[in-house]
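The values are calculated or read from the model by the stated rules, or taken from the named source; none is laboratory data. Note that this is a predicted model, so its numbers are computed, not measured. Please note: Cβ atoms are built from the backbone with ideal geometry, for glycine as well, and neighbour counts cover all protein chains shown. Remember, those area values only see protein heavy atoms, side chains included, never the ligands or the DNA or RNA. Shrake-Rupley method; radii C 1.70, N 1.55, O 1.52, S 1.80 Å.
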Amino acid sequence: MSLPQVVSREEWLAARKQLLAREKELTRQRDALNADRRRLPMVRMDKDYVFDGESGQARLTDLFGDRRQLVVYHLMYDPDWENACPGCTAGMDEWTDALTAHMNVRDTAFAAVSRAPYAKIASYRASRGWTFPWYSSFGSDFNYDFHVTLDESVAPVEYNYRTRAEHERAGTSYYVESEQPIEAPGQSCFLRDGDTVFHTYSTYARGAEMTGGSYYFLDLTALGRQEDWEEPKGRAEAAREAIPNFAT
């Protein structure tokens, strides 16, 4: 393994202060980026989506409860799969009632939505001991409209704001190369004004890796995520692929 260089406390402190200056600049850049995200325009949701949940059928407005904002986690679960996506499962294993409660205090609801029928969702949810709201979009256009189910027989393929051709040019065609329909991860945010719902934001691919939080804590450590793409090389005895299921 290629471990960090061993130095004196004084040398470490000098290097740490140099990195701290960059961290502070990144914090300021993130604050500015978050402000620009809040300045994004929004799109009125005119389609009447119907979901199935623990209490029966629900519409998008119902997912808000009595809150003004809603964060939806597009949890990958094809109707033909026995279990939900392992990576999504690992992220949601870390979701807590306290996190939901904290979001609720700030007038924001959370729900997961998957394409699998609700009977499968309910069974899997119980097996994991999860308590967060989880709805089925089975039979609706929701997953296709938000580009987390990719099926050219239903709609032109688009993921992370790129078409198939754009992915091929960018070298990211791995997102769209699997057998269709393809389930893909993402998060979407909505704002409610009275009975009118607006779509304000969606993020996909690595934009969804914030779910759970393990990665961000590992990023603070000397060994990092211990995945094969990270620098510097050789920090892990056995570097893993960038697959967020935490099976190893």
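Surface calculation, 1.4 Å probe, protein heavy atoms: Glu82 sits at approximately 140 Å² accessible. Listed by chain and number, the aspartates and glutamates placed with their C-alpha closer than 13 angstrom to that of Lys17 are Glu25; residues fewer than eight positions away on the same chain are left out. Given +1 at the Cβ of Lys and Arg, -1 at the Cβ of Asp and Glu and no other charges, the dipole of the stretch 1-125 around its Cα centre is 700 debye to the nearest 20. On a per residue basis, the chain carries 61 Å² of accessible surface, using protein heavy atoms and a 1.4 Å probe.
Put simply, the amide H of Ala242, placed in the peptide plane, has neighbours under 5 Å in Asp228, leaving out anything fewer than 5 places away on its chain.
Farthest towards the positive end of the charge dipole of the chain, among the residues Leu26, Ser136, Ala119, is the Cα of Leu26, using unit charges on the Cβ of Lys, Arg, Asp and Glu. The overall shape of the stretch 139-248 is oblate: from the C-alpha gyration tensor, with semi-axes ordered a ≥ b ≥ c, the ratio a/c is 1.5 or greater and a/b is no larger than b/c. Within straight-line reach of Lys120, meaning a Cα separation under 27 Å, sit the following lysines at least 8 residues removed in sequence or on another chain: Lys47. Between the Cα long axis of helix 118-128 and the first principal axis of the chain there is an angle of about 30°, rounded to the nearest 10. Classify the stretch 41-120 as rounded, prolate or oblate, taking a ≥ b ≥ c as the square roots of the eigenvalues of its Cα gyration tensor: rounded when a/c is under 1.5, otherwise prolate if a/b is larger than b/c and oblate if not. Here the stretch 41-120 falls in the oblate category.
In the context of the full protein assembly, Glu54 retains an accessible surface of approximately 140 Å², using a probe radius of 1.4 Å and ignoring ligands and nucleic acids. Here the chain has 51 percent of its accessible surface on carbon and sulfur atoms, given a 1.4 Å probe and all protein chains in place.
Among beta bridges identified by DSSP and lying wholly in the stretch 1-149, the antiparallel ones come to about 35 percent.
Unpaired Cys in the chain, meaning no second Cys C-beta under 4.7 Å: Cys189. Quarter the surface of the alpha carbon convex hull of the stretch 35-173 and you get the mean projected area, 10.1 square nanometres. Among the trypsin sites (Lys or Arg not before Pro) found in the stretch 1-60, those both in a DSSP coil and sparsely packed, with 13 or fewer other Cβ atoms within 10 Å of their Cβ, are Arg39, Lys47.
For the chain, a/c is not less than 1.5, where a ≥ b ≥ c are the root eigenvalues of the C-alpha gyration tensor, and a/b tops b/c. That puts it in the prolate class. At the residue level, His102 shows approximately 120 square angstrom of accessible surface with a 1.4 angstrom probe and all protein chains present. Here the simple spin-label model places points 7 Å from the Cα toward Cβ, and for Ser123 and Lys17 these points are separated by 6.2 nm. Taken one residue at a time, the phi angles of the stretch 19-27 give Karplus couplings (6.51, -1.76, 1.60, θ = phi - 60°) of 5, 4, 4, 5, 4, 5, 5, 5, 4 Hz. Gly and Pro are set to x. With the simple model of a label 7 Å out from the Cα in the direction of the Cβ, Asp151 to Trp229 spans 2.8 nm. Can you tell me the relative contact order of the stretch 1-158? Whole percent, Cα pairs under 8 Å, sequence separation 6 or more. Relative contact order, the stretch 1-158: 22 percent. For the stretch 122-179, the convex hull drawn through the C-alpha positions has a volume of 128 cubic angstrom per residue. For Val197, the amide hydrogen comes within under 5 Å of the amide hydrogens of Met45, counting only partners 5 or more places away or on other chains and with H modelled in the peptide plane.
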